[in-house]
Amino acid sequence: MDSRYFTEEHNLFRESLSDFLQKEVVPHIDKWEKTGHIERFIWEKFGEMGFFGIAYPEAYGGMDLDLFYTVIFLEELQKVNSGGFAAAMWAHAYLAMTHVNAEGSEEVKQKYLTKSITGEMIGAMAVTEPFGGSDVAGMRTTAVKKGDTYVLNGSKTFITNGVYSDYIVVAAKTSPELGNKGISMFIVDRDTKGVSATKLDKLGWRASDTGEIAFDNVTIPASHLMGEEGKGFPYIMQHFAFERLIMGINSHARAEFALEYAVKYMGERQAFGKTIDKFQALRHTMADCYADMEVCKEFNYTVAARLDKDEYVVKEATISKLRSTKMADDVIYQCLQMLGGYGYMEEYPMARLLRDSRLGPIGGGTSEILREIIAKMVIDKKEYKPAVKH
């Protein structure tokens with residue numbers, strides 16, 4: 001591991017996490033891929049090991065470790081070959097919990113953050129809507145203040161952990177007439193009257209429960225408003241850079257995993273009297289794939305190091321997701337080709353890897369949206385500033 005970013009403590013953490021995943025997670029992956037339901041016991045085991053508390057304050061049971069522990073967490077999750085399982089874990093730990101930690105009141109943190117760190121509670125983050133997609137400002141879900149409560153109406157879609165979570169961090173319009181300046185953040189208990197979810201049937205990420213969530217006159221206490229009313233859009237934007245970097249890191253890690261498998265397979269597979277890793281055309285394809293992966297990985301580590309110093313890396317994180325997700329798709333496509341007919345068989349890992357990887361350029365902001373964000377910064381000289389100073 002690169003000593004510029006990873007210390008001996010980081011490497012020991014990676015070893016223990018890898019051992020844990022191989023022993024406790026991998027034996028169950030095929031079952032969870034079939035059922036689309038990750039059993040509760042594994043969340044609690046993650047909590048017992050402290051894996052959900054890596055980035056969070058010690059006051060709530062976390063460890064408050066540097067960002068490269070999170071990088072390791074994300075990279076090792078990609079090696080269990082279930083994009084869905086990995087997504088369920090990081091959507092809980094770094095989408096839902098990020099907002100609870102950043103915007104939740106002390107009361108909210110004591111109730112939700114502490115139990116999220118132990119794995120007793122599972123969180124979901126609900127921003128995307130059926131009619132909105134990447135257009136966050138165009139959301140239609142509303143939250144109307146009535147006395148000391150808010151009443152929520154609307155729907156969200158493509159929500160990871162949307163069906164089996166215990167609470168949902170929800171973005172809704174408290175002042176629809178103000179557009180993106182009228183969005184606020186709330187925390188909603190799953191069992192609140194009027195909350196319902198429908199499970200979606202996906203091409204990949206089969207192990208995770210992705211849901212469409214409906215809010216029908218859902219009444220929640222006013223204390224479940226997170227942060228200030230009307231500041232929801234800046235809060236979301238604040239955390240989008242981190243989410244994009246997460247998806248960039250996931251991408252280089254799954255590409256690296258695919259390459260390691262393909263190279264091993266090529267060293268064992270024989271054709272025309274020699275192993276196929278001796279054919280120049282195949283060797284050079286793998287060399288190109290490795291070079292593309294390594295460029296993305298090095299860039300992602302640099303961005304992570306800057307984010308760890310509290311730099312506002314919205315442009316760099318956007319580039320990370322745009323380039324790394326495309327790279328992973330291309331690399332895994334080529335790795336599958338190296339397996340020939342076996343690459344197309346579900347009993348080999350490449351078929352699932354290919355399906356799971358395809359979500360990269362779609363989820364968390366499509367590549368088309370990301371290009372426009374980059375264009376605004378590079379061509380129009382638009383400057384994005386952090387919504388909240390740390």
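The values are calculated or read from the model by the stated rules, or taken from the named source; none is laboratory data. Everything numeric here is computed off the predicted structure, so don't read it as measured data. Counting neighbours? That spans all protein chains shown, and the Cβs are built from the backbone with ideal geometry, glycine included. Ligands, DNA and RNA are excluded from the accessible area calculation, which covers all protein heavy atoms including side chains. Shrake-Rupley method; radii C 1.70, N 1.55, O 1.52, S 1.80 Å.
If a/c stays under 1.5 just call it rounded; otherwise compare a/b with b/c (prolate if a/b is bigger, oblate if not). Do that for region 1-84, with a ≥ b ≥ c from the square roots of the Cα gyration tensor eigenvalues.
It comes out oblate by the Cα gyration axes.
So what does the Cα-only Debye profile of region 17-143 read at q = 0.09, 0.16 Å⁻¹, as log10 I(q)/I(0), no solvent term?
Once normalised to I(0) and log-transformed, intensities are -0.28, -0.84.
Please state the shape class of region 211-352: rounded when a/c is under 1.5, otherwise prolate if a/b exceeds b/c and oblate if not, all from the C-alpha gyration tensor.
Oblate.
Taking the Cα centre of the chain as origin, sum charge times position over the Cβ atoms of Lys and Arg (+1) and Asp and Glu (-1), and report the length of that vector in debye to the nearest 20.
Rounded to the nearest 20 debye, it is 940 debye.
Rounding to the nearest 20 debye, state how big the charge dipole of region 1-67 is about its Cα centre with +1 on each Lys and Arg Cβ and -1 on each Asp and Glu Cβ.
Once rounded to the nearest 20, the dipole reads 320 debye.
For region 198-239, what is the convex hull (Cα atoms) projected area averaged across all directions, in square nanometres?
For region 198-239, the mean projected area of the Cα convex hull comes to 5.0 nm².
Could you sort 279-288, 80-89 so that the peptide with the highest average Cβ count within 10 Å comes first and the rest follow in order?
My ranking of the peptides, most packed first, is 80-89, 279-288.
For region 156-278, with the dipole built from +1 on Lys and Arg beta-carbon atoms and -1 on Asp and Glu ones, taken about the Cα centre, which of Phe233, Gly179, Phe158 lies farthest toward the positive end?
My answer, from the dipole projection, is Phe158.
Provide the net charge surrounding Tyr384, with neighbours chosen by a C-beta distance below 12 Å and charges set as Lys +1, Arg +1, Asp -1, Glu -1.
Around Tyr384, the surrounding residues sum to +2.
Consider just the alpha-carbon atoms of region 288-390 and return their Rg together with their Dmax, both in angstrom.
Computed over the Cα atoms of region 288-390, radius of gyration and Dmax are 16.6, 53 Å.
For region 210-220, just list the computed ³J(HN,Hα) in residue order, Karplus coefficients 6.51, -1.76 and 1.60, θ = phi - 60°, integers in Hz, with x standing in for Gly and Pro.
9, x, 9, 10, 10, 10, 10, 6, 7, 9, 10
Using a 1.4 Å probe on the protein chains only, how many percent of the accessible area of the chain belongs to carbon and sulfur?
53
Give, rounded to the nearest 20 debye, the magnitude of the charge dipole that region 1-132 has about its Cα centre when Lys and Arg contribute +1 at Cβ and Asp and Glu contribute -1 at Cβ.
That gives a dipole near 380 debye.
What residues have an amide H closer than 5 Å to that of Tyr164, excluding those fewer than 5 places away on the same chain, when H is modeled at 1.01 Å from N in the peptide plane?
Here the answer is none, since no amide H 5 or more places off falls under 5 Å of that of Tyr164.
Just for the Cα atoms in region 317-362, what are the lengths along the principal axes, largest first, rounded to whole Å?
35, 15, 11
Can you tally the net charge around Phe215? Count Lys and Arg as +1, Asp and Glu as -1, for every other residue whose Cβ sits under 14 Å from the Cβ of Phe215.
Combined, the nearby Lys, Arg, Asp and Glu give 0.
Applying 1/(1 + (r/R0)^6) with R0 = 25 Å to the Cβ-Cβ distance of Gln270 and Ala291, what FRET efficiency is obtained, to the nearest 0.05?
FRET efficiency, Gln270 to Ala291: 0.40.
For Lys199, give me every one of the lysines with a C-alpha distance below 17 angstrom, ignoring sequence neighbours fewer than eight places off in its own chain.
Reachable lysines: Lys34, Lys156.
Quickly rank 322-330, 113-121 as a protection proxy: mean count of other C-beta atoms within 10 Å, highest first.
322-330, 113-121
Quick one: length gained pulling Tyr384 to Lys145 fully straight, 0.36 nm per residue minus the C-alpha distance?
Contour length minus Cα-Cα distance gives 83.0 nm.
Which distance in nm do the two modelled labels at Asp64 and Asp135 give, with both placed 7 Å along the Cα-to-Cβ direction?
If labels sit at Asp64 and Asp135, their model points lie 4.3 nm apart.
Using only C-alpha atoms and all pairs of different ones, pull out the Kirkwood radius for the chain in Å with one decimal.
21.6
How large is log10 I(q)/I(0) at q = 0.12, 0.14 Å⁻¹ when the Debye formula is applied to the Cα atoms of region 162-289, each weighted equally and without solvent?
So the normalised log intensities work out to -0.69, -0.81.
Quick one: what are the phi-derived ³J(HN,Hα) couplings along region 88-97, Karplus 6.51/-1.76/1.60 with θ = phi - 60°, whole Hz, x for glycine and proline?
4, 6, 6, 5, 5, 6, 10, 9, 4, 5
Would you mind working out the accessible area per residue for region 1-142, using a 1.4 Å probe, and quoting it in Å²?
So region 1-142 comes to 40 Å² accessible per residue, rounded to a whole number.
With a sphere of radius 14 Å drawn around the Cβ of Ala304, what net charge do the other residues whose Cβ falls strictly inside it have (Lys, Arg +1; Asp, Glu -1)?
-3
From the helices alone, meaning DSSP H stretches of at least four residues, give me the mean residue ellipticity at 222 nm for the chain, per-run term -39500 (n - 2.57), in deg cm²/dmol to the nearest 500.
Theoretical 222 nm ellipticity from helices: -15000 deg cm²/dmol.
Express in nm, to one decimal, how much length is gained between Asp216 and Thr192 on full extension, taking 0.36 nm for each residue of separation and deducting their alpha carbon distance.
7.6 nm
Show the residues, 5+ positions off or on another chain, whose built amide H is closer than 5 Å to the amide H of Met63.
Ile54, Ala55, Tyr56
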